[in-house]
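Chemist: Submitted below is the structure of interest, expressed as structure tokens.
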Amino acid sequence: MQADRQKTLRMLKTARGQLDGIIRMVEEDRYCMEISNQLLASQSILRRVNQEIIHAHLQHCVRQSMESESPQDAQQKIQELMTLFDKLAQ
């Protein structure tokens, strides 16, 4: 993985902490909108982590593949990104 490992781990641990908090909120039968707001905050962190990883992938893996002498490798990286973008669009 080419993304900043420490930053990625910190963000994922924050999301994990938020999920633990959401679980407690559900167990405590807290107000629905409070739970929903916390879910949105967790989703936002996970989107940012994914964005960081995708950016790093483009900057390192895809660039390296495009600069190599293997057009098949570059085509594979492009296909992987297209599949990922399709998933993100759903």
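Chemist: Among the residues that make up the stretch 2-23, is at least one of them open to solvent by less than 90 Å² (accessible area, probe 1.4 Å) and outside any helix (DSSP H, G or I)?
Modeler: Yes, the conditions are met somewhere in the stretch 2-23.
Chemist: From the set of residues in the stretch 46-87 that are assigned to a helix (DSSP H, G or I) and of a type in the set (S, T, Y), which is nearest to A15 (Cα to Cα)?
Modeler: T83
Chemist: For the stretch 45-65, which residues satisfy the criterion of being over 12 Å from the mean Cα position of the chain (by Cα), open to solvent by 80 Å² or more (accessible area, probe 1.4 Å) and without any contact (Cβ under 8 Å) to a residue 40 or more places away in the chain?
Modeler: Matches in the stretch 45-65: R63, Q64.
Chemist: Another question, then. On the given criteria, is D29 open to solvent by 100 Å² or more (accessible area, probe 1.4 Å) and either on the phi < 0 side of the Ramachandran plot or at pLDDT 95 or above (or both)?
Modeler: yes
Chemist: Follow-up. May I ask you to say which residue of S68, S42, S36 is hydroxyl-bearing (S, T, Y) and in contact (Cβ under 8 Å) with a residue 24 or more places away in the chain?
Modeler: From the options S68, S42, S36, the qualifying one is S42.
The values are calculated or read from the model by the stated rules, or taken from the named source; none is laboratory data. These numbers were taken from a predicted model, which means no experiment stands behind them. In this analysis, Cβ positions are derived from the backbone assuming ideal geometry, glycine residues included, and neighbour counts consider all displayed protein chains. Please note that ligands, DNA and RNA were not included when accessible areas were found on the heavy atoms of the full protein model with its side chains. Shrake-Rupley method; radii C 1.70, N 1.55, O 1.52, S 1.80 Å.
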